[in-house]
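All remarks here apply to the structure that follows.
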Amino acid sequence: MKSLLLAVLAFSTFLPAQTPERRLEILLILPEPKVLSKPLSFSPEGAELTVFTPAKELPEVPGIMAYPEAEFKKLGLSIATFTERAGKAADRRLTTLKPDLIKGPDGQVQYAVYRGDSPLMASLIVAPSLPGLFEKLFGPEIWVAIPDRHSLYIFPAKPEALAEFTADLASRFRTDPRAASPELFSLKKDTPPRVIGSFLP
């Protein structure tokens with residue numbers, strides 16, 4: 001019996017460690033084209049073509065679902081409180097992510113981008129900590145583009161910094177079946193996202 005127990009213990013040391021499954025996010029703000037507006041959607045400041053929609057993560061494709069009114073009511077939260085908590089949840093996700101820093105021929109960083117398979121990337125736009133993460137690199141104000149759910153682009157707040165990339169952003173928005181927004185957002189510390197224009201021609 002003792003030898004059997006030792007054999008089992010020895011075999012268990014070769015088993016891969018079990019990692020706990022990540023909990024699905026139930027506090028998301030989903031940026032969407034205005035034409036897809038839902039009953040709970042609201043427009044960020046200055047937006048003409050974009051709405052923000054309370055949503056939750058799904059274990060299967062498409063990965064995100066807007067809350068039906070009846071289900072949202074069960075949460076017992078106002079839209080404002082939900083948005084605030086979604087921002088804190090986005091802050092937590094930001095701590096686990098590392099952006100790609102894209103440099104120009106002169107070696108200077110032209111822009112940063114969070115991108116991947118996760119459809120939650122665009123929802124990072126409501127993270128209050130986002131402007132502060134890039135303050136040393138781009139200054140106190142950043143411009144953010146979210147052409148699809150899988151990416152979030154950060155630029156310095158200068159028209160010339162964005163000019164050569166608008167065609168690519170527009171193409172991503174127009175061709176991705178999970179498009180997010182064709183508009184450009186200004187983000188500053190302690191200030192909600194504000195639309196300042198569009199990258200569409």
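The values are calculated or read from the model by the stated rules, or taken from the named source; none is laboratory data. Nothing here was measured: the structure is a model prediction, and the numbers come from that model. Every residue, glycine as well, gets a Cβ built from its backbone with ideal geometry; the counts of neighbours run over all protein chains shown. Note: accessible area is taken over every heavy atom of the protein model, side chains too, but ligands, DNA and RNA are not part of it. Shrake-Rupley method; radii C 1.70, N 1.55, O 1.52, S 1.80 Å.
Of all the residues in the stretch 38-54, those that are in a strand (DSSP E or B), in contact (Cβ under 8 Å) with a residue 60 or more places away in the chain and more than 18 Å from F173 (Cα to Cα) number 1.
Taken over the stretch 158-188, the criterion of being touching a residue at least 60 places away in the same chain (Cβ under 8 Å) and under 20 Å from L137 (Cα atoms) is satisfied by F185, L187.
Of all residue pairs spaced 6 or more apart or on separate chains, none has beta-carbon atoms under 7 Å together with a first member in the stretch 131-157 that is part of a strand (DSSP E or B) and of a type outside the set (V, I, T) and a second member that is open to solvent by less than 10 Å² (accessible area, probe 1.4 Å) and modelled with pLDDT under 95. Kindly check whether there is at least one residue in the stretch 169-176 that is in contact with a Phe, Trp or Tyr (Cβ under 6 Å, 6 or more places away or on another chain), under 22 Å from S37 (Cβ atoms) and surrounded by fewer than 18 Cβ atoms within 10 Å (Cβ to Cβ). There is at least one residue in the stretch 169-176 that is in contact with a Phe, Trp or Tyr (Cβ under 6 Å, 6 or more places away or on another chain), under 22 Å from S37 (Cβ atoms) and surrounded by fewer than 18 Cβ atoms within 10 Å (Cβ to Cβ).
Yes/no per residue for (1) at pLDDT 95 or above; (2) hydrophobic (A, V, I, L, M, F, W, C); (3) in contact with a strand residue (DSSP E or B) (Cβ under 8 Å, 6 or more places away or on another chain):
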| site | (1), (2), (3) |
| --- | --- |
| Q110 | yes, no, yes |
| P140 | yes, no, yes |
| R149 | yes, no, yes |
| L152 | yes, yes, yes |
| L169 | yes, yes, yes |
| F173 | yes, yes, yes |
| P182 | yes, no, yes |
| R194 | yes, no, yes |
| P201 | no, no, no |
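Can you tell me which residue in the stretch 73-101 is most open to solvent (accessible area, probe 1.4 Å), limited to those that are assigned to a helix (DSSP H, G or I) and touching a strand residue (DSSP E or B) at 6+ places or on another chain (Cβ under 7 Å)? Only one residue tops the list, namely I79.
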